[in-house]
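Readers should treat all values here as calculations from the given coordinates under stated rules, not as data from a laboratory. Since the model is a prediction, treat every value here as computed from it, not as a measurement. All Cβ positions, glycine included, derive from the backbone under ideal geometry; neighbour counts span all protein chains shown.
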Amino acid sequence: MHKKIFPESMVLGCGNVLLGDDGFGPAVIAALHDRRDLPPQVACHDVGTGVREHLFNFLLAPDLAPRCLILVDAVDSADRAPAEVFLVSPAAAAPAQDRDHSLHQGPTVELLRQLAGRAGTRVHVIAARAVHVPALVEPGLSPPMQGAVRRAAGLVLQLLSLPAATSEAL
């Protein structure tokens, strides 16, 4: 048996830093890189808007998939307060979302479901409701989303420190 050389856990920050609060995921990754208490077996990457390619690669080569995958992203969720940080379960996503081709739902949700099923990866999605996503280039998070970055980074660390059975209950 060969030793797995890839990280045990991976955190992927999704979003476009040029579009205001859509840069939430990359901002959380930057905050995690600044921390001194991130476990060494955890890799954190800003994947911009290319998360699907990473997930698809894990499906093609499940032995490369991490045991725990955490995605961090800004979402447009009318039932949440602006800048609210919350967990989203890919398994509980409504069937109507499967047909939505946005970065935040649709095909990405299905890839996450398959990754959990085929590769046995524990998948968590940390989301925050975007306050301001401009139509044109406007880098920088809104002040409420800047505060959400700290909360999301704390939630990442909490998920990474929990055993598998406990983390499923979050």
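If we count other beta carbons within 10 Å of each Cβ, what is the order of His33, His54, fewest first?
His33, His54
Classify the range 9-167: rounded, prolate or oblate, from the alpha-carbon gyration tensor (a ≥ b ≥ c, eigenvalue square roots; a/c under 1.5 rounded; otherwise prolate if a/b is larger than b/c)?
Taking the square roots of the gyration eigenvalues as a ≥ b ≥ c, the range 9-167 is oblate.
What distance in nm separates the two pseudo spin-label positions at Arg113 and His33, each 7 Å out from Cα along the beta-carbon direction?
Computed distance between label sites Arg113 and His33 equals 3.4 nm.
Nearest 5 is fine: what % of DSSP beta bridges in the range 9-167 come out antiparallel, could you say?
15
In whole Hz and in residue order, list the ³J(HN,Hα) couplings for the range 151-156 that follow from phi through the Karplus curve 6.51 cos²θ - 1.76 cosθ + 1.60, θ = phi - 60°; x for Gly and Pro.
With the stated coefficients, the range 151-156 comes to 5, 5, 4, x, 5, 4 Hz.
Which order results if Asp22, Asp34, Asp76, Asp46 are arranged by neighbouring Cβ count within 10 Å, fewest first?
Ordered from fewest to most neighbouring Cβ atoms within 10 Å, Asp22, Asp34, Asp76, Asp46 come out as Asp34, Asp76, Asp46, Asp22.
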